[in-house]
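Take a look at the structure set out below.
The values are calculated or read from the model by the stated rules, or taken from the named source; none is laboratory data. What you see is a predicted model; the values in this text were computed from it and never measured. Note that each Cβ is placed from the backbone with ideal geometry, even for glycine, and that neighbours are counted across all protein chains shown. For accessibility, only protein heavy atoms count, side chains too; no ligands or nucleic acids. Shrake-Rupley method; radii C 1.70, N 1.55, O 1.52, S 1.80 Å.
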Amino acid sequence: MKLPKTILTSTKCVHSGTQIDENQGGVNTPIHTSTAFKYLEDYEMKYPRMANTSNQIAVVDKINALENAEKGLVFSSGLGAIAAALLGLLKPGDHMIVQSDIYGGTAHFMHHQLERIGVDISFVDIQNANNLKEALTESTKLIYVETPSNPLMKLTDLFMVAEFAKKHSLISFADNTFATPIFQQPINLGIDLVMHSGTKYFSGHSDIIFGYLGGNSALMELIKVAQVDLGSTLDARLCYEIERSMKTLHLRVERAAENALELASWLELNENVEKVYYPGLASYPQFELAKRQMHGGFGAMMSFRLKGAIDPIKFQKALQIICPAVSLGGVESLIGSPYLTSHKSISQAERDIMGISNQDVRFSVGIEDVEDLKNDLKQAFEA
Ligand SMILES: *Cc1c(COP(=O)(O)O)cnc(C)c1O
C-alpha cells in the first residue's frame, strides 16, 4: 500500500507493510505459504530462507517504518538476529566493545561462539564514556549496547555511542527490545543497527518467538548473506500473526508504560520496598538521559528491591494476578527474581559486582487495570 511519507507512529503500526489482497480486495496481507516459486517469469529467486517472500516483507516493512531503517530482516528468534549480524560482520582477530550488563543469552553467544572463533571482546561499563576510549584497539570493529538494560534498567547514552562509533569508524549496534520503537528510535540518534527480540513486545502475547534487525543497506546486505547461510528465517504463517499483533503495539506498550509509571511511583513510597529501578521516575539517577533519548514513555520494565523482612519467593507466590514467570513484554504482568532466572548462570560474586541483590524482583508490567495490579502487590506484601 502506498502511504503518505508523513504518517506517525500509530498509523505506521496499523498500516505500514500491509499488502492489500489484490485478488479478493481483503484489507489484510494474504498468507502466502509457498516455499517453491515459478522462475521463468520471475527475475528474483524467491525462497523463504532468503527472507524475500511476501509475508516476511510485510513484517519487515512495518518494523523498518517504525525504526526508520533503510533495510531490515526477520529471524526465527532475537538471538538468530544477533548471531547473523555478528557472524556476518566480524571475522577472527576483530575486536568488539560490549556493554557489560547485556541479556544473558547474548553474552553466552558471544563467549561460546564468537570468542571460540577468535573474535576479541571487551565487556565494559559504558555508562562511563572513558571506558569506551580505554577499550578501543586498532582492531575494534563494532560497539554493542542494550538500553534500558536488564534487570537494573541502566541507560546507555545512544547519541554518545553513535558519535564515538562514527569518530572511530566502528559499527554501532543497539538492542532496542526493552524500549520498543514506540519510545526510542536508536537509528534516529545515529546508531547503525537496531535489533529486537520480537518475542517480547512485538509479539506481545507471550506466544511467538522471532527477531528483527534493521539498518543501512550496505550493512544489511552483509548480514543478509549470513542469514541465508545460517538459516535463521521465519515462517509465513507466523509472519501473519506477528503483523496482526503489531497493529496494536502502540496501544499495548503505551498502556503498559502508563501502568509502569504509576506503579513505580507507588512502589517508591511503599514501606516494603527499598528501591525502585525505573527510568521514568524523577528520582532515577539517569532521568535526564531518559528524557533526552526516550519519548512518549519510559517503557514497561522495572525492577524493585524488597526490604530484608520480605521473602521474595513467598512474596511472588502470594501474587494472584501477576505471574512469576520468565520472559517479558506480554499483555499480562510477569515478575521474577533475576538471581533465579535471567542471571542464574552467573555467580553470586558477579551479581554483587553488577549490583543485583537476591531481594531484587524484575517486573514486566502488563496492560491490566492498574488498580488490580496495585491491590495484588498490596495483598502479597501483607501475606
Ligand atoms: C529475549 C531477549 C533477547 C533474545 O531474544 P530471543 O527472541 O529469546 O532469541 C535479546 N535481548 C533482549 C534484551 C531480550 O530480552
Residues of the range 178-200 being open to solvent by 10 Å² or more (accessible area, probe 1.4 Å) and within 12 Å of the ligand (Cβ to nearest atom), which ones? Phe178, Ser197, Thr199, Lys200
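Yes/no per residue for (1) open to solvent by less than 80 Å² (accessible area, probe 1.4 Å); (2) in contact with a helix residue (DSSP H, G or I) (Cβ under 8 Å, 6 or more places away or on another chain); (3) free of Cβ contacts under 8 Å to residues at least 60 places away in the same chain:
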{"residue": "Asp21", "(1), (2), (3)": "yes, no, yes"}
{"residue": "Thr29", "(1), (2), (3)": "yes, yes, no"}
{"residue": "Thr35", "(1), (2), (3)": "no, yes, yes"}
{"residue": "Glu41", "(1), (2), (3)": "no, no, yes"}
{"residue": "Tyr47", "(1), (2), (3)": "no, no, yes"}
{"residue": "Val59", "(1), (2), (3)": "yes, yes, no"}
{"residue": "Lys62", "(1), (2), (3)": "yes, yes, no"}
Being among the hydroxyl-bearing types (Ser, Thr, Tyr), within 20 Å of Tyr103 (Cβ to Cβ) and surrounded by fewer than 15 Cβ atoms within 10 Å (Cβ to Cβ) narrows it down to one of Ser347, Ser337, Ser342, so name that one. Ser347
List the pairs whose first member sits in the range 315-326 and is free of Cβ contacts under 8 Å to residues at least 24 places away in the same chain, whose second member is of a type in the set (Phe, Trp, Tyr) and surrounded by 17 or more Cβ atoms within 10 Å (Cβ to Cβ), and whose Cβ atoms are under 6 Å apart, counting only residues at least 6 apart or on separate chains? none
Need the failing condition index for Ile97 against (1) more than 16 Å from the ligand (Cβ to nearest atom); (2) open to solvent by 10 Å² or more (accessible area, probe 1.4 Å), just the number. (2)
Just one listed residue, out of Glu268, Glu262, Glu254, is surrounded by fewer than 20 Cβ atoms within 10 Å (Cβ to Cβ), without any contact (Cβ under 8 Å) to a residue 40 or more places away in the chain and not basic (Lys, Arg), and it is Glu268
Among the numbered conditions (1) within 14 Å of the ligand (Cβ to nearest atom); (2) within 12 Å of Ala81 (Cα to Cα); (3) open to solvent by less than 10 Å² (accessible area, probe 1.4 Å); (4) not hydrophobic (A, V, I, L, M, F, W, C), tell me where Ser232 comes up short. (3)
Quick test for you: out of Leu86, Leu66, pick the one residue that is within 16 Å of the ligand (Cβ to nearest atom) and either open to solvent by 70 Å² or more (accessible area, probe 1.4 Å) or not in a loop (DSSP other than H, G, I, E, B) (or both). Leu86
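For Pro92, state whether it is in contact (Cβ under 8 Å) with a residue 12 or more places away in the chain, more than 30 Å from Lys247 (Cα to Cα), touching a Gly at 6+ places or on another chain (Cβ under 7 Å) and not in a strand (DSSP E or B).
Considered against the rule, which asks whether it is in contact (Cβ under 8 Å) with a residue 12 or more places away in the chain, more than 30 Å from Lys247 (Cα to Cα), touching a Gly at 6+ places or on another chain (Cβ under 7 Å) and not in a strand (DSSP E or B), Pro92 comes out as yes.
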Residue that is nearest to the ligand (Cβ to nearest atom) [pool: residues in the range 298-354 that are modelled with pLDDT of 95 or more and among the acidic types (Asp, Glu)]: Glu332
Filter result for Phe75 (within 16 Å of the ligand (Cβ to nearest atom) and either within 18 Å of Leu219 (Cα to Cα) or aromatic (Phe, Trp, Tyr) (or both)): yes
Among the residues of the range 210-222, which ones are closer than 18 Å to Val145 by Cβ, of a type outside the set (Ser, Thr, Tyr) and within 16 Å of the ligand (Cβ to nearest atom)? Gly211, Leu213, Gly214
Glu241 meets each of (1) open to solvent by 20 Å² or more (accessible area, probe 1.4 Å); (2) in contact (Cβ under 8 Å) with a residue 60 or more places away in the chain with one exception, condition (2)
Of the candidates Glu163, Glu134, Glu138, the one satisfying the condition of being open to solvent by 10 Å² or more (accessible area, probe 1.4 Å), outside any helix (DSSP H, G or I) and away from the ligand (no atom under 13 Å from the Cβ) is Glu138
List pairs: first residue in the range 100-121 and open to solvent by 70 Å² or more (accessible area, probe 1.4 Å), second residue within 14 Å of the ligand (Cβ to nearest atom) and part of a helix (DSSP H, G or I) anywhere in the structure, Cβ distance under 8 angstrom, at least six positions apart or on different chains. Gln113/Ala83
